[in-house]
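Student: One structure follows; several queries about it will come next.
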Amino acid sequence: MTDDARFEDGREAPLNLGALDGDDLAVISSLSQDAVFPASEMRWHRKGARFALLLNRVRWEDDGNTRHGPERVQSVLMFNNVRAVASQGVPKGDADTILSLLSITFEQTDAPSGHLILTLAGDGAIRLEVEAVEVTLKDVTKPYVAPSKMLPHHPE
């Protein structure tokens, strides 16, 4: 008989997670909360039906932040099966604008299709029309100490 995994058994390693439903998406949303990215790091690959963000996310899962201070890591947040992209409150043509991701939610329209809503700080939002939920979050750099040396508030 095997025991279930425990949080304490986790290790500090790069994340590589996938989401295929709302419950999985809630985990990725939580780990992506307060991630920041320049508007220039958003890409919609219409032909490949993918939308990607290169973001600097807080390592909320990092148990060692008392040892070395709060960390961020660059991660790719990839959305597949994307039919259309719309945005509100996202400045057009200003690639240097820094955006902050607050949450990612799924609103089902005609199962399994729906809208993935990326809520941004400052009343901005990005809506992805998807055939089905298929999202990945993958760390692509080593962690670095957060420049502010402080963690944003993360509601539990």
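The values are calculated or read from the model by the stated rules, or taken from the named source; none is laboratory data. Model, not experiment: these values are computed from the prediction. Cβ placement follows ideal geometry from the backbone for every residue including glycine, while neighbour counts extend to all protein chains displayed. These accessible areas exclude ligands, DNA and RNA; they are computed on the full protein's heavy atoms, side chains included. Shrake-Rupley method; radii C 1.70, N 1.55, O 1.52, S 1.80 Å.
Student: Under 7 Å by Cβ, and 6 or more places apart or on different chains, what pairs join a residue from the stretch 134-156 that is modelled with pLDDT of 95 or more with one that is assigned to a loop (DSSP other than H, G, I, E, B)?
Tutor: Hits for this filter: Glu134/Leu20; Glu134/Asn81; Leu137/Leu15; Lys138/Leu15; Asp139/Pro14; Asp139/Leu15.
For every residue, the table says whether it meets (1) over 14 Å from the mean Cα position of the chain (by Cα); (2) free of Cβ contacts under 8 Å to residues at least 12 places away in the same chain.
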| position | (1), (2) |
| --- | --- |
| Ala26 | no, yes |
| Ser30 | no, no |
| Ala39 | yes, no |
| Trp44 | yes, no |
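Student: So, in the stretch 102-147, of the ones that are among the hydroxyl-bearing types (Ser, Thr, Tyr) and farther than 20 Å from Arg46 by Cα, which residue ends up surrounded by the fewest Cβ atoms within 10 Å (Cβ to Cβ)?
Tutor: If we take residues in the stretch 102-147 being among the hydroxyl-bearing types (Ser, Thr, Tyr) and farther than 20 Å from Arg46 by Cα, then Thr109 is surrounded by the fewest Cβ atoms within 10 Å (Cβ to Cβ).
Student: Follow-up question, since we're still on this one. Restricting to the stretch 68-85, name every residue that is within 14 Å of Ile117 (Cβ to Cβ) and either open to solvent by 40 Å² or more (accessible area, probe 1.4 Å) or touching a Gly at 6+ places or on another chain (Cβ under 7 Å) (or both).
Tutor: Result: Val85, single match.
Student: Hey, can you tell me all the residues within the stretch 50-67 that are open to solvent by 30 Å² or more (accessible area, probe 1.4 Å) and out of contact with any strand residue (DSSP E or B) (no Cβ under 7 Å at 6 or more places or on another chain)?
Tutor: Result: Trp60, Glu61, Asp63, Thr66, Arg67.
Student: Consider only pairs whose beta carbons are under 7 Å apart and that are at least six residues apart or on different chains; among these, list those whose first residue lies in the stretch 70-86 and is modelled with pLDDT of 95 or more and of a type in the set (Lys, Arg) and whose second residue is open to solvent by less than 10 Å² (accessible area, probe 1.4 Å) and in a strand (DSSP E or B).
Tutor: Arg83/Val130
Student: Being over 21 Å from Pro112 (Cα atoms) and loosely packed, with under 14 Cβ neighbours inside 10 Å narrows it down to one of Lys92, Lys47, so name that one.
Tutor: Sole residue among the options that is over 21 Å from Pro112 (Cα atoms) and loosely packed, with under 14 Cβ neighbours inside 10 Å: Lys92.
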